[in-house]
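Each value in this text was obtained by applying a stated rule to the coordinates, not by laboratory testing. Quick caveat, the model's predicted, so the values are computed rather than measured. Cβ coordinates were reconstructed from backbone atoms using ideal geometry, including for glycine residues, and neighbour counts include every protein chain displayed.
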Amino acid sequence: MAPPDTRKPGRPFRPRFPGRPAHAGGPPPRPAAEDSVVLYGWHPVAEALANERRGLRRLLASENAALRLTETFGEALRIVPEIVRPPEIGRLLGPDAVHQGLYLEADALPAPALDAMPEDALLLALDQITDPHNVGAIVRTAAAFGVTGIVTTVRHAPGATGVLAKSASGGLEHVPFITVRNLAEALITLGERGFTRIGLDSDAEVALDTLVPPRPLVIVLGAEGKGLRERTRSCCDTLAKIPFSGAIRSLNVSNAAAIALYALGRSGG
């Protein structure tokens with residue numbers, strides 16, 4: 001016989017989660033382990049929770065955010081959240097983080113190898129782009145255009161966590177990072193495997209919209225201001241520019257990535 005329903009009429013059901021009540025004070029939760037990926041905000045956390053390849057360690061949520069997770073995932077929610085007050089998450093992340101009551105500690109996603117790329121692969125390679133907001137926006141755009149992976153370096157590149165993950169708005173779960181020690185050597189390796197290597201360069205003579213490159217393809221992007229390094233440029237088959245027609249002759253690198261993917265990515269359709 002089922003137990004009687006003791007809820008008062010008209011009162012919404014609230015699932016029971018561990019943790020302090022939402023009104024409790026006290027010290028903030030412990031910081032994440034150094035090898036953890038920290039994700040926060042609705043889209044990054046929800047996409048990670050839906051990704052079976054993402055190992056989950058710890059989830060902190062406000063009461064409202066936990067209820068939203070329950071409504072979205074139901075019994076498919078893979079981890080039980082600990083209920084905390086929103087300011088406690090803010091103290092972990094800093095005052096400027098827009099966390100929407102969600103904070104997740106997770107494992108890094110497995111990274112594919114360069115020699116495991118499919119024959120129709122579409123890659124982005126980032127040459128010392130260090131701003132996590134820009135890289136996150138590039139990841140989001142890459143996910144929208146079906147990019148196979150993003151090649152980046154161990155040094156002079158932000159980690160796939162925190163601000164980058166928030167800016168990517170869930171894109172990290174769909175576009176893997178392929179981390180290499182030397183970008184030029186990686187581009188040489190890709191060339192040997194038949195990749196067409198196109199570098200975006202504002203001083204190039206070739207216009208981006210005149211190219212229809214075959215797959216596999218890697219589009220190489222340089223940092224704002226510096227652009228592509230000389231060695232990186234020398235490892236590209238073609239350097240191309242966005243043909244601007246207005247008074248402004250440069251764009252944020254994430255916007256340039258979107259234009260390049262639209263212009264060049266269609267060839268693999």
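Values as computed for the structure displayed
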quantity: Mean shadow area of the range 25-182, taken as a quarter of the surface of its Cα convex hull (nm²); calculated: 9.7
quantity: Relative contact order %, the range 114-268, counting alpha carbon pairs below 8 Å whose residues are six or more apart; calculated: 30
quantity: Descending principal axes extents, the range 37-106, alpha-carbon based, whole Å; calculated: 31, 23, 17
quantity: The chain: translational diffusion in µm²/s, Stokes-Einstein, Kirkwood Rh over Cα pairs, 20 °C, 1.002 mPa s; calculated: 105
quantity: Derived scalar couplings ³J(HN,Hα) [the range 252-266; Karplus, 6.51 cos²θ - 1.76 cosθ + 1.60; whole Hz; x for Gly, Pro]; calculated: 4, 4, 5, 5, 4, 4, 5, 5, 5, 5, 5, 6, 9, x, 5
quantity: Karplus 3J(HN,Hα) series, Hz, for the range 167-181 with 6.51 cos²θ - 1.76 cosθ + 1.60 (x for Gly, Pro); calculated: 5, 6, 6, x, x, 4, 6, 10, 10, x, 8, 10, 8, 10, 7
quantity: Helix-derived mean residue ellipticity, 222 nm - over the chain, DSSP H n ≥ 4, -39500 (n - 2.57), to 500; calculated: -8000 deg cm²/dmol
quantity: Selection of trypsin sites (Lys or Arg not before Pro), the range 232-263, meeting DSSP coil and at most 11 other Cβ within 10 Å; calculated: R249
quantity: Candidates per trypsin sites (Lys or Arg not before Pro) in the range 41-138, loop by DSSP, up to 10 other Cβ within 10 Å; calculated: R53
quantity: Rounded D (µm²/s) - the range 185-269, Kirkwood Rh over Cα pairs, Stokes-Einstein at 25 °C, 0.890 mPa s; calculated: 187
quantity: GNM flexibility winner over the chain from L239, L251, L39 (Cα, springs under 10 Å); calculated: L251
